[in-house]
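Novice: A single structure is presented below for examination.
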Amino acid sequence: YRGGGSIPLETLTEESQSRHVLPASFEAKSLQKSNWGFFLTGLVGGTLVAVYAVATPFITPALRKVCLPFVPATTKQIENVVKMLQCRRGSLVDIGSGDGRIVIAAAKEGFTAVGYELNPWLVWYSRYRAWREGVHGSAKFYISDLWKVTFSQYSNVVIFGVPQMMLQLEKKLELELADDARVIACRFPFPHWTPDHVTGEGIDTVWAYDASTFRGREKRP
């Protein structure tokens, strides 16, 4: 009321309620922000799941005691491996075949070639490359841990190893391979075997070991 200076109770109640009622535009903006928050959370979560799915096969081998990191063979390394296979016959295996380039090159030279690789993504890609290069009939790839494979059926063995595994692999191959087999090591030589042939320089160096030679040497204790 203008004259008495008092305010009706109804008016006070309406003003109190109006202070607590949020504008419709503010509510819409809050809802929009909430929706964006859910969307971003889902996007980040989905991305992390996808990265985990893709990266796990690459990371898992690194968590093992002895691993074979994927480092693609250079063109010169492949040429040197093929050179060591001249006049050779029989089947070939690439231990830790990566993207399949050694197996495919051997298949093009007339070998029945097999690659064992722990990473399924690289195995699938290798199979695709073999199909694209027209050698999928003689170039095969399998997902397997090299320590669980027996290599006795192979006449030619190629390995791009790391120093930490060469001694253990040396013992395994010495037990399993036939006397006419040849082992070709790239990047790192075997610790106790003396190579029969060496070609290349630096990271492109390739060592060839004939089983008949390293078996004729004194056995290690």
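The values are calculated or read from the model by the stated rules, or taken from the named source; none is laboratory data. Because the structure is a prediction, the values reported are computed rather than measured. So basically every Cβ, Gly included, is an ideal-geometry build from the backbone, and we count neighbours across all protein chains shown. All accessible areas refer to the heavy atoms of the entire protein, side chains included, with ligands and DNA or RNA removed. Shrake-Rupley method; radii C 1.70, N 1.55, O 1.52, S 1.80 Å.
Novice: State whether the residues of the stretch 144-160 include one that is touching a Leu at 6+ places or on another chain (Cβ under 8 Å) and assigned to a helix (DSSP H, G or I).
Specialist: The answer is yes; a qualifying residue exists.
Novice: Under 6 Å between Cβ atoms, which residue pairs at least 6 apart in sequence (or on different chains) link something in the stretch 180-200 that is touching a residue at least 24 places away in the same chain (Cβ under 8 Å) with a partner that is of a type in the set (D, E, K, R) and open to solvent by 60 Å² or more (accessible area, probe 1.4 Å)?
Specialist: Pairs found: Thr199/Lys83.
Novice: Mind listing whichever residues of the stretch 150-173 are open to solvent by less than 10 Å² (accessible area, probe 1.4 Å) and out of contact with any Asp or Glu (no Cβ under 6 Å at 6 or more places or on another chain)? Walk me through how you get there before you give the answer.
Specialist: To start, the set of residues in the stretch 150-173 that are open to solvent by less than 10 Å² (accessible area, probe 1.4 Å) comprises 151, 156-159, 161, 165-166, 169-170, 173.
Scanning the stretch 150-173 gives Asn156, Val157, Ile159, Gly161, Met165, Met166, Leu169, Glu170, Leu173.
Novice: Counting just the residues of the stretch 132-148 that are modelled with pLDDT of 95 or more and in contact with a strand residue (DSSP E or B) (Cβ under 9 Å, 6 or more places away or on another chain), which one comes out farthest from Val183 (Cα to Cα)?
Specialist: Filtering first and then ranking leaves Glu133.
Novice: So, of the residues in the stretch 174-221 that are small (Gly, Ala, Ser) and part of a loop (DSSP other than H, G, I, E, B), which turns out to be surrounded by the most Cβ atoms within 10 Å (Cβ to Cβ)?
Specialist: Ala181
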